[in-house]
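Peer 1: Have a look at this one before I ask anything.
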Amino acid sequence: MRKVTLTELFSHPITQKYVKRAGLAHAISTAYHAFRLAKENGVNPDLATKAAFLHDMGHYTWYRNGKWDFELYKQNDIHAIKGAERAHKLLVRCGEDLKVAKEVSLAVLLHTDSYLPDENVNRTPLQQVVKEADELDEEPDGKHHYREISDELAHKKLNDLDEKINQAMLERPLSSSS
Ligand SMILES: [Fe+2]
């Protein structure tokens, strides 16, 4: 039913590099929020948790003179665009269904308004769930990107979440795009 699990995604070198760079603990917390919100809103939890786990993998560190520069970030950031592309590449490499890869990638693309010229984006329920899940885990001054988690605990949490997703999809089968 699910072609690729979160634990399989976690072990891939692309995830190890880019999801960790943006904050592994934040990615996992966002995936848990997305799971709950997906169930509440009748959204496919497989797609929601994948998009939530990968949503920030396009982040780049904006530094000036050795210090984080929020102005540079605000002016030049395109992390959602890069993230959408990286998430798609990762999912395809892991053998994901192409329709799922596209839906997840689009949800990554639209998880934030920060880089969009117009904030009035008409999001699908899946895209809205991922955006809200991210916002639920955000901390002031971007501190959520710096929370730490060991690889061992990360693997356990993702494995637990995979089991919850499998169970939820058995209880309530959904089409891949809902
Ligand atoms: Fe985020």
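FYI, it's all coordinate maths here, none of it is from the lab. Given the structure is predicted, the values throughout are model-derived calculations rather than measurements. All Cβ positions, even for glycine, are placed from backbone atoms using ideal geometry, and neighbour counts span all protein chains on display.
Peer 1: Set the Förster distance to 30 Å, then compute FRET efficiency between GLN16 and SER114 from the Cβ-Cβ distance, nearest 0.05.
Peer 2: The value I calculate is 0.75.
Peer 1: OK, next. Each residue of the stretch 26-41 in order: what ³J(HN,Hα) in whole Hz does its phi give by Karplus 6.51 cos²θ - 1.76 cosθ + 1.60, θ = phi - 60°, with x for Gly and Pro?
Peer 2: With coefficients 6.51, -1.76 and 1.60, one gets 5, 4, 6, 4, 5, 5, 5, 4, 5, 4, 5, 5, 5, 5, 5, 10 Hz.
Peer 1: Would you mind checking the tilt of helix 98-109 against the longest principal axis of the Cα atoms of the chain, expressed as 0 to 90 degrees and rounded to 10?
Peer 2: In the chain, helix 98-109 runs at an angle near 40 degrees to the longest axis.
Peer 1: Give me the extension gain from LYS99 to GLN167: residue separation times 0.36 nm, minus the current Cα-Cα distance, reported in nm with one decimal.
Peer 2: Extending this stretch completely gives an extra 22.3 nm.
Peer 1: In the stretch 66-109, what chymotrypsin sites (Phe, Trp or Tyr not before Pro) fall in a loop by DSSP, with at most 16 other Cβ atoms inside 10 Å?
Peer 2: Counting only loop positions with at most 16 other Cβ atoms within 10 Å, none of the chymotrypsin sites (Phe, Trp or Tyr not before Pro) in the stretch 66-109 qualifies.
Peer 1: Here's another thing I want to ask about it. Within the chain, what's the longest stretch lacking GluC sites (Glu not before Pro) that sit in DSSP loops with no more than 15 other Cβ atoms inside 10 Å?
Peer 2: Free of exposed loop sites, the longest segment is 1-118.
Peer 1: Per DSSP H run of n ≥ 4, the term is -39500 (n - 2.57); total these for the chain, divide by its residue number, and report the mean residue ellipticity at 222 nm rounded to 500 deg cm²/dmol.
Peer 2: -19500 deg cm²/dmol
Peer 1: Provide ILE78, ILE14 in ascending order of the number of other Cβ atoms located within 10 Å of each residue's Cβ, fewest first. Write out the running numbers ahead of the final one.
Peer 2: On the way: ILE78 12, ILE14 17.
Placing the least packed residue first, the sequence is ILE78, ILE14.
Peer 1: Given springs between every Cα pair under 10 Å in a Gaussian network model of the chain, which of SER29, SER114, SER105 has the largest fluctuation?
Peer 2: The residue with the greatest mean-square fluctuation here is SER114.
Peer 1: Listing MET57, MET169, MET1 from the residue with the fewest other Cβ atoms within 10 Å to the one with the most, what is the order?
Peer 2: Ranking MET57, MET169, MET1 by Cβ neighbours within 10 Å, fewest first, gives MET1, MET169, MET57.
Peer 1: Helix 151-171: angle to the longest alpha-carbon principal axis of the chain, degrees 0 to 90, nearest 10?
Peer 2: 40 degrees
Peer 1: Could you give the C-alpha radius of gyration of the chain expressed as a fraction of 2.2 N^0.38 Å, taking N as the number of residues it contains? Intermediate results must be reported in sequence, preceding the final value.
Peer 2: Working: Rg = 15.4 Å, N = 178, 2.2 N^0.38 = 15.8 Å.
Rg over 2.2 N^0.38 Å, computed on Cα atoms: 0.97.
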